[in-house]
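The values are calculated or read from the model by the stated rules, or taken from the named source; none is laboratory data. Predicted model only: the values in this text are computed from it and were never measured. Methodologically, a virtual Cβ is constructed for each residue, glycine included, from the backbone with ideal geometry; neighbour enumeration extends over all protein chains shown. Heads up: the accessible areas ignore ligands, DNA and RNA and are worked out on the full protein's heavy atoms, side chains in. Shrake-Rupley method; radii C 1.70, N 1.55, O 1.52, S 1.80 Å.
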Amino acid sequence: MTDTLFMWGITLWMIIMVGLFFTGGFFMFRKFLRRMPKEDGYSELDWQDYYIRTALPLWNDDTKALLNELVSPVPELFRQVAKERIAGRISKIALDEGVEEIKLDQIMKGYIIATPKKDHRFMKKKLDQLGIDYTPYEELFQYADDEKEKFSIFEQTEKVKQLAK
């Protein structure tokens with residue numbers, strides 16, 4: 001009897017471990033794909049880092065605090081990645097628009113397109129809590145990333161430029 005229970009325990013443990021390995025491998029592979037260079041020799045993450053570094057002087061303490069508040073609902077483990085992704089989108093939009101300082105308009109545009117569609121309900125709840133009106137940006141919700149269609153940082157900001165015209 002104990003031998004049978006022990007064998008079932010070992011089998012269950014093996015299934016759990018294989019499942020965890022596959023899950024971890026999936027997320028590592030996604031990160032690997034984002035680091036792969038594109039036609040220009042730079043990856044999506046390289047460009048994201050470039051835009052953040054270039055636009056760093058455009059950020060002030062209030063906009064940094066707002067960004068930190070907007071990513072606060074994200075679990076601690078993923079918060080830095082989410083913050084960098086959103087900051088990269090905001091920075092690209094700000095540089096494309098040629099602003100001298102990042103304002104709420106650029107933050108809203110970048111925050112909406114960088115947030116996955118599955119998280120829009122939580123995003124809207126957070127914006128409501130902060131008293132920020134997102135209705136002028138309703139069109140941008142369709143350009144957010146989702147599992148079926150991944151937009152690059154360039155495609156999304158091109159859509160933002162077209163909507164601004």
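Only helices reaching 18 angstrom along their own axis (Cα) with mean Kyte-Doolittle hydropathy no lower than 0.0 count here, and for the DSSP H runs of the chain these are 2-35. What value, in deg cm²/dmol to 500, does the helix sum -39500 (n - 2.57) over DSSP H runs of n ≥ 4 give at 222 nm once divided by the residues of the chain? Computed mean residue ellipticity for the chain: -22500 deg cm²/dmol. Per residue, region 25-154 exposes 60 Å² of solvent-accessible protein surface, assessed with a 1.4 angstrom probe and all protein chains in place. Exposed loop sites are taken as GluC sites (Glu not before Pro) in a DSSP loop (any state but H, G, I, E or B) with at most 10 other beta carbon atoms within 10 Å; the longest stretch of the chain without one runs 40-99.
For the chain, the carbon plus sulfur part of the accessible surface works out to 62%, probe radius 1.4 Å.
Solvent-accessible surface of protein heavy atoms, probed at 1.4 angstrom with all chains present, puts SER43, SER72 in the order SER72, SER43, largest first.
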